[in-house]
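For reference, the structure is listed below as structure tokens.
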């Protein structure tokens, strides 16, 4: 299995810090996945916690 860490983190050049691109789960602390379709939401694959995004417009 090849880990591609450059997809999970981004480097802030102004402060010199490495920052996660995605949110952390408030329930278990794992990194959450962002899904756009069929419904825009954040989902934790470890514990099943889901946050739905507010509708725009």
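The values are calculated or read from the model by the stated rules, or taken from the named source; none is laboratory data. Since the structure is predicted, the reported quantities are computational estimates derived from the model, not experimental observations. So basically every Cβ, Gly included, is an ideal-geometry build from the backbone, and we count neighbours across all protein chains shown.
Considering only residues of segment 10-23 that are surrounded by 12 or more Cβ atoms within 10 Å (Cβ to Cβ) and under 10 Å from the mean Cα position of the chain (by Cα), which is modelled with the highest pLDDT? Break it down into steps so the answer makes sense when it comes.
First pass over segment 10-23, keeping only residues surrounded by 12 or more Cβ atoms within 10 Å (Cβ to Cβ): 10, 22-23.
Add one more test, that the residue is under 10 Å from the mean Cα position of the chain (by Cα), and what stays is 22-23.
Numbers: 22: 87, 23: 90.
Result: 23.
Please count how many residues of segment 27-45 are closer than 20 Å to residue 9 by Cβ, in contact with a strand residue (DSSP E or B) (Cβ under 9 Å, 6 or more places away or on another chain) and in a loop (DSSP other than H, G, I, E, B).
4
Looking at (1) surrounded by 10 or more Cβ atoms within 10 Å (Cβ to Cβ); (2) at pLDDT below 80, which is the only condition residue 55 fails?
Answer for residue 55: the failing condition is (1).
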